[in-house]
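What follows draws every value from the coordinates through simple rules; no lab data is involved. This structure is a prediction, so every number in the text was calculated from the model and none was measured. Neighbour counts run over all protein chains shown; Cβ positions are idealised from the backbone, glycine included.
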Amino acid sequence: MSELYHNRILELAAEIPNVGHLADAEGSQLKVSRVCGSKVRVDLKLDEAGETVTAIAVDPQACALGQAATSILAEHAVGASVGEIIAARDALKAMLKDGGPPPEGRFWELRHLSPVADYPPRHASTMLAFEAAVAAIEEALEKRAAARAVAD
């Protein structure tokens, strides 16, 4: 288990940026691991086009692995495209479950979580932040679509 909790994981878990809530969030999602009870809430806002994250706040109540993933998301999400966040979530999942390569680009530090692949009960908590972020993006886009439909 010690390779799971190496120094960089502990550093990331201890230094999570953008902790809190966004009062004017367009999307806000809480994800909970049924295995361990870890929780992560992600609030976010998108640009006018709905293509780029302009603000994020996170509220992690998770193990060190979940906190490390949350830290990486919170550090690099602002300015990231919706596609980049979805791709990072998908690559993280593939790395953990299918032996895929680590995510690249702005979320490259997720590679530090690669030892989690050998511990399937830890996968869910490691995925929480990115699952919540994608769900929050989907919520924000659905709200915009509904508002446009009402306006039309």
**Study point:** the chain - mean residue ellipticity at 222 nm from DSSP helices (-39,500 (n - 2.57) per run, n ≥ 4, rounded to 500)
**Key:** -14500 deg cm²/dmol
Revision key, fill the gap. Straight-line reach check, Lys97, cutoff 21 Å on alpha carbons, 8 or more apart in-chain or any other chain, hits among lysines -> Lys31, Lys39
**Study point:** Positive minus negative residues near Ser71 (Lys, Arg vs Asp, Glu; Cβ under 13 Å)
**Key:** -4
Exercise for review: Please name which of Val19, Leu44, His123 has its Cα lying farthest along the dipole of the range 7-144 towards the positive end, using unit charges on Cβ (Lys, Arg +1; Asp, Glu -1) and the Cα centre as origin.
Suggested key: His123
Check your understanding: Along its principal axes, what span do the Cα atoms of the range 7-144 show, with the longest given first and each in whole Å?
Key -> 40, 26, 25
Check your understanding: Considering the zone a paramagnetic label at Tyr119 would reach in this model (a point 7 Å from Cα along the Cα-to-Cβ line), which residues of the range 13-53 have amide N under 13 Å from it?
Key -> 36
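Could you order the peptides 134-142, 85-93 from most to least packed, using the average number of other C-beta atoms within 10 Å per residue? The partial results should precede the final answer.
Working: 134-142: 18.6, 85-93: 20.7.
Going by the mean number of other Cβ atoms within 10 Å, highest first, we get 85-93, 134-142.
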